[in-house]
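Read-outs throughout are calculated quantities, based only on the coordinates presented, and are distinct from any laboratory measurement. What you are looking at is a predicted structure, and each value in this text was computed from that prediction instead of being measured. Cβ sites come from the backbone with ideal geometry, for glycine too, and all protein chains shown count toward neighbours.
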Amino acid sequence: MRVISLKPLREFWAKHPDAEEPLRAWYNTALGAEWENLQDARATYPHADGVKTKGGGTLTVFNVGGNKYRLIARIRYDYQLVNVRHVLTHAEYDEGKWKE
């Protein structure tokens, strides 16, 4: 998979230093992955969930850092492309603003 981009991960761990190690691990795992669908992503990350957006798209939510953080990405399996949309604390995720 190609991951776009590392920047939101870096910005997040600058505010939450304990997130750096698990986010780097997720990034490296995603780079080496060849996911063809959500089931493949779940084989690597069993708690990954597909969530519908208000616009009708689907985002994949990954639990990162022992369920402390959420990484939300749009995955284009046909292009082997992961676009990181948000990295949030559990509390920020629960507010639901990311769905807009």
*Under a point spin-label approximation (7 Å from Cα along Cα-to-Cβ), what is the Lys68-Asp49 distance to one decimal in nm?*
2.1 nm
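Taking loop as defined by DSSP and a crowding limit of 14 other beta carbons within 10 Å, which chymotrypsin sites (Phe, Trp or Tyr not before Pro) in the stretch 51-82 fit?
Working: sites: Phe62, Tyr69, Tyr77, Tyr79; in loops: none.
Sites meeting the loop and neighbour criteria: none at all.
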_In nm, spacing of pseudo-spin labels at Arg24 and Arg76 (7 Å Cα→C-beta vector)_ = 2.9 nm
_the stretch 2-30 and the stretch 41-56: distance between their alpha carbon centers, rounded to Å_ = 18 Å
*Among 25-34, 49-58, the order from most to least packed when residues are scored by Cβ within 10 Å on average*: 25-34, 49-58
